[in-house]
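Taken together, the values in this text are just the output of simple stated rules run on the coordinates, not laboratory data. From a predicted model like this one, the values you see are computed outputs, not experimental measurements. Because the Cβ atoms are built from the backbone with ideal geometry, glycine has one as well, and the counts that use them run over all protein chains shown.
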Amino acid sequence: MSKLSKYPVTLNGNSIEGKRQEIKEYFHNTSALYEKVFEVLKDEDVFYKKSEITRHPMIFYFGHTATFFINKLINMKIIQERINPDFESIFAVGVDEMSWDDMDGSNYSWPKVDEVREYRAKVQELVDDLIMTLPLTLPIKDDSPMWIILMGIEHERIHIETSLVLHRQMPIDLVKSVKEFNICKNSSKAPKNSMLKIDATEIRLGKESSHNLYGWDNEYGVYAENVAAFEASKYLVSNGEFIEFVNAGGYENSEFWDEEGKKFLELTKATHPTFWVLKDGKFKYRTLSLEIDMPLNWPVDVNALEAEAFCRYKSKNDGVTYQLPSEAEYRAIYNKAGLQDIPAFHESRANLNFYHYASSCPVDEFSFNGFYDVVGNVWQWSRTPIRGFEGFKVHEAYDDFSVPTFDEKHALILGSSWASSGNLIMKYSRYAFRKHFYQNAGFRYVVSSQEQEQETEIYESDELVSQYCEFQYGDTHFGVENFAIATAKIASKFAQNKNKALDLGCATGRATYELAREFNEVEGIDFSVRFVQVGAKLKSDGYVAFSSKEEGEIVTNKKVTIEELGYEKLKERVSFWQGDACNLKPNFNSYDLIMATNLIDRLYNPRLFLDTIDERINVDGILVITSPYTWQESSTKKEFWLGGYKDENGEDIKTIDSLKKVLDDKFELIHLQDLEFVIKETKRKYQHTISQVSVWRKR
């Protein structure tokens, strides 16, 4: 099994060509392992089935990791041409149960499996070429083009594991055994768990930017905590230990479940862990492709809600308060175990990276200075919601990796599992899931005097997003009308039919709601989830909270409710989606109005947008384009600018003239005006800009 999965590539080294070869081999190993995972599906028909109702069919995930490479390379302007725009649209997003993930199967026409295989091969050929030709200096830093290649590889490593979980949830008759995935054969009675002491210690979390292994943006920054002395269980909770909770009616006793847990039970009707199978009055255990006799000494696979319920049950029985460890307490256990990070840590010492098994194994097999399975076997749920560390900065290539999970609803999982590889098995990795999600995850419990800090309201601290929240939901300045309200008024005035509208480049969503005053249905789309989630949060939670910068590090926290905005009765008319204006999914169509707000000069190829936008608008429908025409090469390569330059004859090319040429055969220009707006940067610094509003009626 040791050759099934390679260790990650380090970012430093002495040989450029040697590093290119390392990356290429790691990329090929990752891709081959990912495709091996899909051999578990019995036949190609299974690719079009869902193993879990909140997920896409398996064909989505088969294509998703390849399209990720292309979409990120396009986004970062490393490549200019797509391989298959349709695939790179339908396979783009839809993974984490976010409100902007489109899981409606009727909106998709899935391609054949062989077509996706062919596409994956084309992507591999392109990435191979880039690995060998992109500019490269060592060490590789997060602004290097090669960082995006590593990002794509590590993204696929994540989906190796999450896809295995989905395949494990498939009905048993729809999967088959794959010889390379070796299931552990050892099982017996569960060992009796006990508590071990951890002394008080200062814990520092966070990764230096100079670290020699790839990292996701949430790993960087600084966090320090003085952890009081506590006790932690020697073993992960085994199936044998957890079965006592099941047999005692733990799933039926509401006192052990919080409100989220009760909702989970109501929706799922669960009476035992999801990978337990009740047959003839006895529990069997579901591995990747087999049902086996219950391995009582293997770790139990549960979600966080089940883990928390068990802790409450055990607390009642023992008269001691048990809880899941915090992120800092887990690091204290890690330090006590004397672990080294990879690559110094050899994979043979734990059940990870597919080295020993493609399943869990006994909880007393791998010891670390008295504690077992500090890393490997199954992930360990924590009680800590994922948050950014001090100094957290979004990586511009993947701004929706971490930020959407900073919602106090995603709990960190720690320590990796048998199916974890790549970044997932690194010391500093931080992954979080909603508490009802299943992963290859279990838990250990602690007795601790420290309670988890609670954040009841989350003020948007991302500086750019906060600035747009202030722009759209904050005060007006210098007598200039709120731009979102003003543009919605203009657009609504010219629209003849008012059934369905699209707010494209919706940012934090204010104009989307304003259009809903006039239209029956309004969809807001933005490329950045960092923006989309603000409008979505207003709909789901009823408020927008943000930090308005005053001076230096001084900010004013502001909160605006949906009632104050007058949108309470409009919220069911709006929906928010992540999307690329240059490559929208086909289901975004049949609009009476499309409003593209301050968007055209920020697209990587505006002609891709303009040449097909008429196909999404109804006859006599309206297209509104607003823009200050601030063309810049950081957003749009100069060869794709529509204006702001001189032609070969030395003539000035104006954007409005180019718009007329491009749109004239499909649209009639019916209105043109200037509209000013003011964006607050600080209390004493503002951007005062004039946008041109052009209104076009479809011919």
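Tabulated results
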{"item": "Positive dipole terminus of the chain, leading residue within Phe609, Gln439, His64 (C-beta point charges)", "result": "Gln439"}
{"item": "Percent of beta bridges antiparallel (DSSP, the chain, rounded to nearest 5)", "result": "70"}
{"item": "Selection from Ser421, Gly479, Leu669, by position along the positive dipole direction of the chain (Cβ)", "result": "Ser421"}
{"item": "Full-extension gain in nm, Ala228 to Lys284, via 0.36 nm per residue minus C-alpha separation", "result": "16.1 nm"}
{"item": "Within the chain: Cβ-based charge dipole about Cα centre, in debye rounded to nearest 20 (Lys, Arg +1; Asp, Glu -1)", "result": "1100"}
{"item": "Sparsely packed GluC sites (Glu not before Pro) within segment 612-690, loop by DSSP, other Cβ within 10 Å at most 16", "result": "Glu633, Glu648, Glu651"}
{"item": "Assigned charges on the beta-carbon of Lys, Arg, Asp, Glu; segment 16-174 dipole about Cα centre (debye)", "result": "260"}
{"item": "Reduced Cα scattering model of segment 251-327, Debye log10 I(q)/I(0), q = 0.11 Å⁻¹", "result": "-0.34"}
{"item": "Fewest-first ranking of Ser449, Ser575, using other Cβ atoms within 10 Å as the exposure measure", "result": "Ser449, Ser575"}
{"item": "Percentage relative contact order, the chain, counting C-alpha pairs under 8 Å, at least six apart", "result": "12"}
{"item": "Sequence-separation-based contact order of segment 516-559, relative, with Cα cut under 8 Å and 6+ spacing, percent", "result": "21"}
{"item": "Those Cys residues of the chain for which no other cysteine Cβ falls under 4.7 Å", "result": "Cys311, Cys469, Cys506, Cys582"}
{"item": "Inter-probe distance in nm under a simple model that places probes 7 Å from Cα toward Cβ, at Asn186 and Ala344", "result": "2.7"}
{"item": "Highest to lowest packing among 162-172, 48-58, scored as the average C-beta count within 10 Å", "result": "162-172, 48-58"}
{"item": "Residue order, fewest to most surrounding Cβ atoms within 10 angstrom, among Glu17, Glu231", "result": "Glu17, Glu231"}
{"item": "Efficiency of FRET between Leu138 and Ile554 - r from beta-carbon atoms, R0 35 angstrom, step 0.05", "result": "0.30"}
{"item": "Stretch gain in nm, segment Lys683-Gln496, where the contour uses 0.36 nm per residue and the Cα spacing is subtracted", "result": "63.2 nm"}
{"item": "Point-to-point label distance, Asp43-Ile172, nm (Cα→Cβ direction, 7 Å offset)", "result": "2.1"}
{"item": "From phi via Karplus (6.51, -1.76, 1.60), per-residue ³J(HN,Hα) for segment 683-688 in Hz, x at Gly/Pro", "result": "4, 10, 9, 9, 9, 10"}
{"item": "Nearest-0.05 FRET efficiency for Glu259 and Ile292, computed from C-beta distance (R0 35 Å)", "result": "0.50"}
{"item": "Segment 390-498: GluC sites (Glu not before Pro) in DSSP coil with no more than 12 other Cβ atoms inside 10 Å", "result": "Glu451, Glu453, Glu455, Glu457"}
{"item": "Farthest toward positive dipole pole in the chain [+1 Lys/Arg, -1 Asp/Glu at C-beta], among Ser528, Ala332, Cys184", "result": "Cys184"}
{"item": "Sites Glu408 and Thr561, calculated FRET efficiency, Cβ-Cβ separation with R0 25 Å, nearest 0.05", "result": "0.85"}
{"item": "Linear extension gain, Leu669 paired with Asp647, 0.36 nm per residue minus alpha-carbon span", "result": "5.5 nm"}
{"item": "Distance cut-off 42 Å, percentage of C-alpha pairs in the chain lying past it", "result": "31"}
{"item": "Exposure proxy order (Cβ contacts within 10 Å, fewest to most) of Asp114, Asp301", "result": "Asp114, Asp301"}
{"item": "Glu25 versus Phe640: modelled label distance in nm, points set 7 Å from Cα along the beta carbon direction", "result": "3.6"}
